[in-house]
Structure formats: structure tokens, C-alpha cells
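J.: One structure follows; several queries about it will come next.
The values are calculated or read from the model by the stated rules, or taken from the named source; none is laboratory data. Bear in mind the structure is a predicted one, so any value in this text is a computation, not a measurement. Don't worry about glycine lacking a Cβ; one is built from the backbone with ideal geometry, like all the others, and counts go over all protein chains shown.
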Amino acid sequence: MSDRTVGDEEELTGAEVWGQIEALADDLLSDPDPEVVRQVEELLDWVDVFHRDGLGRLVEMIRSWRGELFLNSVANDDVTGTMLAAYGLGEGPELDVEAAEAVEAALGEVRPLTESHGGAIELDKVKDGVVWVRMLGTCDGCPSSSATLTYGLEEALRAHWPNFRRLELVDAPLEADPAKADLTCDAAPGADAVVVQLGKRSDR
């Protein structure tokens, strides 16, 4: 463990501060008491959920006001840029590649299921931890499509992409198409479940 403490006169860069946090977390997770380790893991998970979604919402608000220039300045700042990068937010080719690979891997897991019933999931865009998709074919208006998303694609996204925040439907039907009521996607039970907005990282 480093002997640096909060309040030291020495100024640390954002990356160094993040390194301090990780080092302290690793030390606590090495505690011999399993209950201490469990509590530390839960604490880190909930702090992570709060920070990731809070920062993500802030970035979305900035984008909605056409604040790309401001967002670039935030991303280039030593401290705020480190925070955004830690959660895969903002701009950057490395972030785009990581997100694209993770989302494609997740879609690859659920496509065989939807295609076997004449349906399809089309990727619209990925940005700041949010994935927008469009349900096509028999999945468009299918009563089980929400379950396919919640229990299939969302779980796959969380497994492949630690910085995944939420799933959004593009041009989603206002109500299920009665003509497709007998076409199911063999999804997990609970078709009426709401797509989860927050979730713990799968890499801890």
C-alpha cells in the first residue's frame, strides 16, 4: 500500500489518484476475513453503479445541448478526463473499438435465438455506455421481445462490456401486435420485466 494520503501537499495526476484507489481496493480485497471482502466488494459495486450512471447521464445531457466542444474539453482535462475514460464515456477511438467489439459479441449470442423465429435485432448506435437497437421481423411487436432484450441481450452486454449502462429500443411499437401473439421468442420467463437501467460491473 502506498504511504500517500488525502491532503498530501504533493499534487497527483488524475491517473495517479485512480491508481491509489485501485491499490487501496486491492489491499482491502486481500483481507483474510471473507465477510470484510464481501462488504468491500458490495461497496465498490454500488459506488461504481452510482458513478457510472451519474457520469453517463451528465454526458448525455451535454450531448443533448450540442456540447461536444465542451465535452472534448472535459475529456482532455487531467482529472475529469480520467474519470470519463474509466467508465468508457466521451470520445476516443479506443473507447469506440472496445464498445463495438463488446456489443458485437453480445449480439452474436442472441442472434441465433431471434433468427430461428424469423426475427432480428438490428444495432442502431452505441454511445456512452448506451446501446440502441431495433427489433425486426417477428420480433417487432412480439410479446416476448422485451424478455429477449432483458434476459438475453442485456445480460450478454453486461457480461461482455463492463461499461454498459442501459439498452434502448428504437422505433419500438406502442403495443404488441395481436397477429404475432402466438409467435414467441422462447425467452426466459417474465416478458413484462422492465429493462434494467442500473447494474453492477461484471469484471469485479
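J.: Tell me, which residue of the stretch 26-50 that is acidic (D, E) and outside any helix (DSSP H, G or I) is farthest from L84 (Cα to Cα)?
T.: Per the stated criteria, the residue is D33.
J.: Same structure, new question: Report whether or not V47 is under 28 Å from A156 (Cα atoms), β-branched (V, I, T) and either outside the structural domain of W18 (by TED's automatic domain parsing) or surrounded by 15 or more Cβ atoms within 10 Å (Cβ to Cβ) (or both).
T.: It is false that V47 is under 28 Å from A156 (Cα atoms), β-branched (V, I, T) and either outside the structural domain of W18 (by TED's automatic domain parsing) or surrounded by 15 or more Cβ atoms within 10 Å (Cβ to Cβ) (or both).
J.: Now for a separate question. For the stretch 61-71, which residues satisfy the criterion of being at pLDDT 80 or above and either surrounded by 14 or more Cβ atoms within 10 Å (Cβ to Cβ) or not polar (S, T, N, Q) (or both)?
T.: Selection gives M61, I62, R63, W65, L69, F70, L71.
J.: Being within 18 Å of W132 (Cβ to Cβ), of a type in the set (V, I, T) and not assigned by TED's automatic domain parsing to the domain that holds G119: is that true of V103 here? Step through it out loud before you land on a result.
T.: Details: within 18 Å of W132 (Cβ to Cβ): yes; of a type in the set (V, I, T): yes; not assigned by TED's automatic domain parsing to the domain that holds G119: no.
Criteria not met by V103.
J.: Same structure again: Of all residues in the stretch 11-25, how many are without any contact (Cβ under 8 Å) to a residue 40 or more places away in the chain and outside any helix (DSSP H, G or I)?
T.: Within the stretch 11-25, residues that are without any contact (Cβ under 8 Å) to a residue 40 or more places away in the chain and outside any helix (DSSP H, G or I) number 2.
J.: Now for a different question. Conditions first: (1) in a helix (DSSP H, G or I); (2) at pLDDT 90 or above. M83 passes all but one, so which condition is the exception?
T.: Single failed check for M83: (2).
J.: If you don't mind, another one. How many of the residues making up the stretch 86-96 are buried (at least 18 other Cβ atoms within 10 Å of the Cβ) and in a loop (DSSP other than H, G, I, E, B)?
T.: Summing the residues that are buried (at least 18 other Cβ atoms within 10 Å of the Cβ) and in a loop (DSSP other than H, G, I, E, B) in the stretch 86-96 gives 4.
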